[in-house]
Structure formats: C-alpha cells, structure tokens
Amino acid sequence: MSAIVRVGVDLAKRVIQVHAVDAKGRVVANKPLPRERFAAWCVQLPPGCLVAMEACSGAHHWGRKLRAMGLDARLIAAAFVTPFRMAGRSGKNDAADAAAICEAASRPSMRFVPIKTVDQQSVLTLHRLREGYKEERTACINRIRGLLAEFGLVVAQSPKALREKLSELLEDATNELGTLARLSLQRAQEHWAELDEHIAWCDARVAAHVKSDAQAQAAAQLCGIGPLTASALIAGVGEFKQFKSARQFGAWLGLVPRQNSSGGKTNLGSITKRGDDYLRTLLIQGARSAMMSAHQRDDRMSRWVLQLRERIGWQRALIALANKHARIVWAVLVKGKAFDADHVPIKPTGGLAAS
C-alpha cells in the first residue's frame, strides 16, 4: 500500500472497484471492494495519495470523506474518462472504468470537478425537489385537462383558466361527469393544490438562502437574474475563481458556439449545451424576461440587446444575453464590484493593442 501514488475508483451502490498504481504506472491493486470496506481500505493509503472518481451520485460525499482522511480526492466528469478506456465504448465494465479513471487522473491538463460542500448540496437538494414538484404539477394539470375532455369539457390552455373553471365544472350537475369521475377529479384538484404549497415552500427557502448569502444578493442585482437563478448559481458553482475568465465560465455553462474548425477556417454552429442543464435553462429564461422588457429601460445594456435583436434575430440575441449575464455574474463575484447596467468596458492598452 505504501507504493501506491494514484487510485482510480469506480463507485457503485454495493461494490466499489479500485485500480491502484505506483510511481512508474505499474498496477499494484485491481479489485472490487464491498461498500462497507472501501473506507477502511483507503485509510491504509499513504497521505496525499491521489484518489480519482467519476462525478456521479455519491461522489461528492466520498470526496469529502477521503479528504478528511488526508487524501487528495478528485472528481472527473464522465465525458473525460471514456477516451481513456482501453477497449473503448464496447469494453465497459467496472475494472475497465476504474483503470480509465486512474489513467485520466494522471494527465496534467485534466480538468477536475470541484467537490461540493454539504451546504451547497443542501441548497441544490431544494432546487431538485422544486423542479420535481413542477413536473408533477404540469403532469397533474394535463391529466385533469385530458380527463375533462373525455366528457366533452374543454378548457382554455392555461393553468389559470383551468384553475378558475375546474371548481365550477365539478359542481355543475348539468354536464356528463359521473359521481365517481367528480370524486376522482376533486382528488386531483386537491393534489394540484398540495403541489402548489410544496413549490411555495421551496420558493420561501430559496428566498431565505439569497437573503443570507452576500454572493447570491450580488448576483440577484442583475436584470434577468432572479432569486432562483442566483441561488442555483451560488450553490451549483461554489467557487467562481476556479474559472480563469468570464468566457471560460460561459463555456462551462454550454452557452458558447460549437466549433468545427480546420485549416484556418472557422465554422461556428449552435451552442454546445455542455455543463449543468438546470443552470443554463435558468439563465436563458431570465434572459428572455430581460429581453421582453428591455424596451422599457434606457440603460446601456438594454439598448445593446435591442440593437442586437434587430441585427441577428430573437433567438441568437437571447443566447448572447444569457451568456453576457453569466459573464457579468462571474465578474461581479470574482472582482467584487457592484453591477452597473451603464458600465463602459475599458479596452486594455499596450502590447499589440498599442502597436
């Protein structure tokens, strides 16, 4: 065990595969371990030993636990591990995955996933539950609407219209709804109201998080970045200084064009859509709200987005504004300056610019 310098770990619910190598890259251990024995095995590793895992369910928990043991625990995105699997995509198994993780961790240019704290994961738990409640509410509304249509009762396609009409339809004795159908739809209506209460509870907790976090308050100052987006960004990203620039942060969110360039010819396509889908969706929704109300404001940023929309169209301007919001959030939180919608960037002087 004292010769081990790097370990690749393939996490699972019950059996955890480890692949350990020494300083020369020779395999020292390659075996499965029961989950309850994994921590005891890691205790025997030399202090500072690199233990790499895929960023998956439970990985942040193990990362915190291994770092508490004095080990150098790191997480790697699954997309960066696949190219190092010896048999490629067709040879996937636990041993091959652990070996690929170990090999990927040895690359000096490898990008690792920061390990989230317990507080970060707690806030993200709130956001995940809220998204689940939203999906359940949408399914419940569609279910009620479809069941009413079976009896010839069609309501305008908006939750507000259905909410206003549903009680009236259930109490109207002249329609074709049977007794059992009325009772069933009443239960569905109660379930809808219960989901609304759950979402309202989540919104209250999100607002409390933003109120207690200085970084979230700073991010929420942007037009198009509400409490929900600010809370999700702070909990999902954690340390913004891990990104070298605002552009790198935008690329991490998947808001930059996909490239297919060769021979000095640049071809740009649609956005990459890499990174966290939830954060990217919130930023795009916030940008849509800001763009729709931009004509009501006279600041420099609003004038810019209106001109951009006229020049390149609604959809491209929307993505550009979402990317700009992400970059501004990075600058505000990393440089510690307040957001100013009329800010004029200063171009750097010297070097090539001066010549």
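Every number here is computed from the coordinates shown, using simple stated rules; none is lab data. This structure is a prediction, so every number in the text was calculated from the model and none was measured. Methodologically, a virtual Cβ is constructed for each residue, glycine included, from the backbone with ideal geometry; neighbour enumeration extends over all protein chains shown.
Where both partners of a DSSP beta bridge lie in the chain, what percent of those bridges are antiparallel, to the nearest 5?
Numbers: 16 of 25 bridges.
That works out to approximately 65 percent antiparallel.
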Kyte-Doolittle mean at least 0.5 and Cα axial length at least 24 Å: DSSP H helices in the chain: 314-335
Between segment 287-322 and segment 4-82, the alpha-carbon center distance in angstrom: 47 Å
Under 24 Å between alpha carbons - lysine pairs in segment 6-105 that sit 8 or more apart or on different chains: 5
Residue-averaged [θ]222 nm for the chain, counting only DSSP H segments that reach four residues, each worth -39500 (n - 2.57): -17500 deg cm²/dmol
Ranked packing of 180-191, 206-217, most packed first, by mean Cβ within 10 Å: 206-217, 180-191
Distance from segment 247-276 to segment 189-228 (C-alpha centre basis), Å: 31 Å
Relative exposure of VAL27, VAL5, VAL21, judged by other C-beta atoms within 10 Å (fewest first): VAL27, VAL5, VAL21
Gyration tensor verdict on the chain (Cα atoms; rounded if a/c is under 1.5, prolate if a/b is larger than b/c, oblate otherwise): oblate
